[in-house]
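Bear in mind these aren't lab numbers, they're just calculated from the coordinates by the rules spelled out. From a predicted model like this one, the values you see are computed outputs, not experimental measurements. Here Cβ is always computed from backbone atoms with ideal geometry, including for glycine, and neighbour counts include all displayed protein chains.
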Amino acid sequence: MINRNINFTNICEQHCSFCAFRRDAGDADAYWLDRDTIITKAADAVARRATEICMQGGLNPEAKLNGSSLDYYRAIVVELKQAFPQLHLHAFSPQEVEFIAREDGLSFAAVVEALAEAGVDSLPGTAAEVLDDEVRRVICPEKLNAATWIEVVETALRLGVPTTSTMLCGHIETPEQQIRHFDRVRSLQQRAIERDYPARISEFILLPFIGEQAPAPLRKRVGRDQPVLADTLRLTAVARLFFGSAIVNHQPSWVKLGLDGAIDALRWGCNDIGGTLMEEHITSMAGAKGGTCQSPADLVAAIGSIDRPARQRTTLYGSLTAQPQS
């Protein structure tokens, strides 16, 4: 997939113990992109034949228009869609939906409906971390709890907005907590199928913990800076088996594992190597070594190196071309 990440601000009200991205508004390296800059980045992505913009950012209490958080987010979406109606807008995590709802006193359904009406096509299933509140109380105590993450995602699926799903792995969680996370995501997908919701969870992505630039307490507790590839690969295989036909698309993070590690993950159960990204800040600021951009040709070559067929996909796994070019 040819896509671009736009992390539009690193100013955030929360203080997750694994996050090296967030900043306070007064910090020297805090940033908040204006809408012209966001449009310029999207235009550059279109020039490179992107089909998707993935947009997420920190929870900035000042990000309001007419005193409304929802109006601010909607304005970005409307402007992007008016300029580039062909782009799939994969934007705003369940945590961002919860933040908007909390700031404006709205229901999750009202926020999801408004964002979808403005032009959001799907939600990233990030901010899941581990769907176990014992873990969350340590690594992200200010974030929405596990039940609320599930509620936001189920609301989106019920309203016809697809999502992805993720898990932050390889830190303090136990194998039992990993399986509890898998079970909660699979159960959510099964409910969507049984109740015939108009949308589904399209994929699952393991996100191994990067500790190099993470806040010191968790980094010291985990005791390493980079993921253990073998552990991630074993968990990849377990996830593929556990989700079965409920979630059939599995993607590694080449940003976290490196391209060679992501290719290994294709042998352990993944069927999708991910997108080009073009730029990435959240993981790279934590100290990931995989880079921030891959060309379509590099991704095709990597897939071909293990004699797998490559095809360019849409965000929702429709086929675009047999083989993307550079």
Within-12-Å neighbourhood charge of A114 [Cβ basis; K, R +1; D, E -1]:
-3
Could you please rank K220, K256, K143, placing first whichever residue has the fewest other Cβ atoms within 10 Å of its Cβ?
K220, K143, K256
For segment 3-321, share of DSSP beta bridges that run antiparallel, in % to the nearest 5:
15
Using the alpha-carbon centroid of each, what span in Å lies between segment 191-262 and segment 267-303?
14
Lysine pair number, Cα distance threshold 20 Å (strictly under), the chain, separation 8 or more or different chains
5
What ranking do D298, D121, D196 get, fewest neighbouring Cβ atoms within 10 angstrom at the top?
D196, D298, D121
Per q in 0.06, 0.07, 0.09, 0.16 Å⁻¹, report the Debye log10 I(q)/I(0) for segment 3-321, using one uniform scatterer on each alpha carbon and no solvent.
-0.18, -0.25, -0.42, -1.59
